[in-house]
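Working notes for the structure below.
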Amino acid sequence: MLLLANAEAWPGFSHTVERLRAGDEGLPAMVSGISRVEAEPKVRSVGYGGWPNMLGVMECDGAVMNGTTRTVGSVGAVPDTIPVCALAYEVMQRLPHVTLTGAGARRFADEIGFTRDDPLFPDSKRVWWERLEKEMSPEQRANFPDIPLAPLSTAITDPERVRDTTVFLCQDTKKGIHAATSTSGWAWKYPGRLGDSPIPGAGFYADSRYGAAACTHTGEMTMRAGTARAIVMALRLGYSLSEAIEFAIEDLQDLSGGFLGGVVIHAMDAEGSHDVVNFRCDGDIRYWFWQDGMDAPELRAARTA
């Protein structure tokens, strides 16, 4: 068994480890762990601790992928919902669809008994408005929100330089390799924006025959390059794990125009190898790692591309 997650997965990583040790299948174990991350306000990139869109509304994204069947459930821009990864899991279990968004995703949540949450943490609301006020003229403030938002979206960046996503990858006792994600997305985003986290092949991909990958930070880039799927396809073609990641990074390097930033890639292969690579992200990037036989999870440093 093997489990991999980004550094901000700390509220739920050990819980998922315990469930894997108990023999649980990978996806339910990871969804249960991510639900704890989503509920923790100290994690400022997902769920209750995340950041709202330009209008001060929380729109969260989440996804799951079973690498053995390659079935996927994902949700995007979901209002009034904190455990979006669990909601994505229900999409996979109950519907013939892969993705639900916005009001439709929330309608489905109502139908299956999910509570309606107030996901906007009070401090996030305060920081959101203080930051937005600085960008608006007196006339814009007087007429908000009935003003053009696009000019503001080009000026505002994340208040804490956070574009992280909660990503979990695992190989369970049945050798199934699976992926799960959750995020509140880019802070101050234009309403309705989707990042890569709910998009299979971009922000995540899993295939138990070969491996899995998941990305954090600049989703606009990994959507353009199909980064997660590219890594798994390279593994299928016989590349080593490090070679597969370098193959995907070369594609990211070739992008021009649009919004360009950093990406962190988390990946594992079917032989039990793993790698976490920081491509152009500032700061010290770390990740959580555990494999069968270890007494406790370890927080490790990512390598720099």
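The values are calculated or read from the model by the stated rules, or taken from the named source; none is laboratory data. Here the structure is a predicted model, which is why all the values come from computation and not from measurement. Backbone-built Cβ (ideal geometry, glycine too); neighbour counts: all protein chains shown.
Remarks
- Restricting attention to the stretch 1-20 and to residues that are in contact (Cβ under 8 Å) with a residue 60 or more places away in the chain and more than 15 Å from the chain's Cα centre (by Cα), the residue that is surrounded by the fewest Cβ atoms within 10 Å (Cβ to Cβ) turns out to be SER14.
- Scanning the stretch 254-277 for residues that are out of contact with any strand residue (DSSP E or B) (no Cβ under 8 Å at 6 or more places or on another chain), modelled with pLDDT of 95 or more and farther than 18 Å from GLY238 by Cβ gives ASP254, LEU255, SER256.
- Enumeration of residues in the stretch 117-142 that are within 20 Å of GLY185 (Cβ to Cβ), of a type in the set (A, V, I, L, M, F, W, C) and not in a loop (DSSP other than H, G, I, E, B): VAL127, TRP128, TRP129, LEU132
- The single condition among (1) modelled with pLDDT under 95; (2) touching a strand residue (DSSP E or B) at 6+ places or on another chain (Cβ under 6 Å) that CYS215 does not meet is (1).
- Within the stretch 245-269, the set of residues being touching a His at 6+ places or on another chain (Cβ under 9 Å) and part of a loop (DSSP other than H, G, I, E, B) comprises GLY261, GLY262.
- Subset of the stretch 253-300 that is of a type in the set (Gly, Ala, Ser) and surrounded by 12 or more Cβ atoms within 10 Å (Cβ to Cβ) - its residue that is nearest to PHE13 (Cα to Cα): ALA267
- Selection status of THR69, modelled with pLDDT of 95 or more, β-branched (Val, Ile, Thr), in contact with a strand residue (DSSP E or B) (Cβ under 9 Å, 6 or more places away or on another chain) and not in a strand (DSSP E or B): no
- Number of the exception - GLY76 against (1) of a type in the set (Gly, Ala, Ser); (2) farther than 18 Å from ARG106 by Cα; (3) in contact with an Asp or Glu (Cβ under 6 Å, 6 or more places away or on another chain): (2)
- For the stretch 87-116, the tally of residues that are without any contact (Cβ under 8 Å) to a residue 60 or more places away in the chain, assigned to a helix (DSSP H, G or I) and surrounded by 17 or more Cβ atoms within 10 Å (Cβ to Cβ) stands at 8.
- Counting only residues that are over 17 Å from ALA5 (Cβ atoms) and either among the aliphatic types (A, V, I, L, M) or not in a loop (DSSP other than H, G, I, E, B) (or both), the stretch 270-305 holds 4 of them.
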